Amino acid sequence: MSGGPSIVRSAPSPDVDLLARCAGRASGAWEEFLARYRGVMEHAARATLQRVIGSVPEDDLEAVVESTLLGLVKDDHASLRSFSGRSSLAGYLQAITAKVALNHLRSERRKGWLRFRPLDAASDAPAGEPPEGDPELLASLRRAMEKLAPRDRLILKLFHLDGAGYREIASLLGVSMNAVSPALIRARDRLRALMERDR
């Protein structure tokens, strides 16, 4: 038996493990994340809207939570990957959601309306206008959309073209609201993969 000092390695916290599984697109991980933390984000969005404008319109609440969720998966889950575990994940998500809510309200004040579609970048956008002077991107986008499964095509059109929120999409597709975000992310990933193959 060695008399040297033993090295104790602490196991990653459950939150860090969950985020790693989400970033690695492990089956069921995103659904587990939503079940645990969607309520936390809704609470943070509600508190920020109430504090700033004195009310919590449902459309605004939904738009803030949708934008937060899309922000979390943007750039290959960069926001999730940056969580170090030094604070609670709930607190980290509350801070992000509050910031998104404030940006949302600033956008409303500039534009005079609260509904907006959080499209990350032209290459990620499954619908809408591509950058001016890029007809090849538009043609590639159309070809990729035609190759998608009908359900993927429908959810992308509902969200990005029709401006439907998660609640409305859930009702139209006959699924729970928590199922909409993973379905939208999967559809966007499939569309991106088809466009990359088309290059």
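The values are calculated or read from the model by the stated rules, or taken from the named source; none is laboratory data. Every value quoted in this text rests on a predicted model; they were computed, and no experiment measured them. Glycine also receives a Cβ, built like all others from the backbone with ideal geometry; neighbour counts cover every protein chain displayed. Note: accessible area is taken over every heavy atom of the protein model, side chains too, but ligands, DNA and RNA are not part of it. Shrake-Rupley method; radii C 1.70, N 1.55, O 1.52, S 1.80 Å.
Assorted remarks:
- Qualifying residue in region 122-130 (condition: modelled with pLDDT under 85, surrounded by fewer than 13 Cβ atoms within 10 Å (Cβ to Cβ) and either at negative phi or among the aromatic types (Phe, Trp, Tyr) (or both)): yes
- Counting only residues that are open to solvent by less than 80 Å² (accessible area, probe 1.4 Å), part of a loop (DSSP other than H, G, I, E, B) and either at pLDDT below 85 or under 15 Å from TYR92 (Cα atoms) (or both), region 1-30 holds 2 of them.
- Any hit, region 168-186, residues being open to solvent by 20 Å² or more (accessible area, probe 1.4 Å), part of a helix (DSSP H, G or I), under 23 Å from ARG25 (Cα atoms) and out of contact with any helix residue (DSSP H, G or I) (no Cβ under 9 Å at 6 or more places or on another chain): no
- Test: residue in region 31-51 that is open to solvent by 50 Å² or more (accessible area, probe 1.4 Å), closer than 28 Å to GLY163 by Cβ and not in a helix (DSSP H, G or I): no
- Any hit, region 139-150, residues being part of a helix (DSSP H, G or I), modelled with pLDDT of 85 or more and under 25 Å from PHE33 (Cα atoms): no
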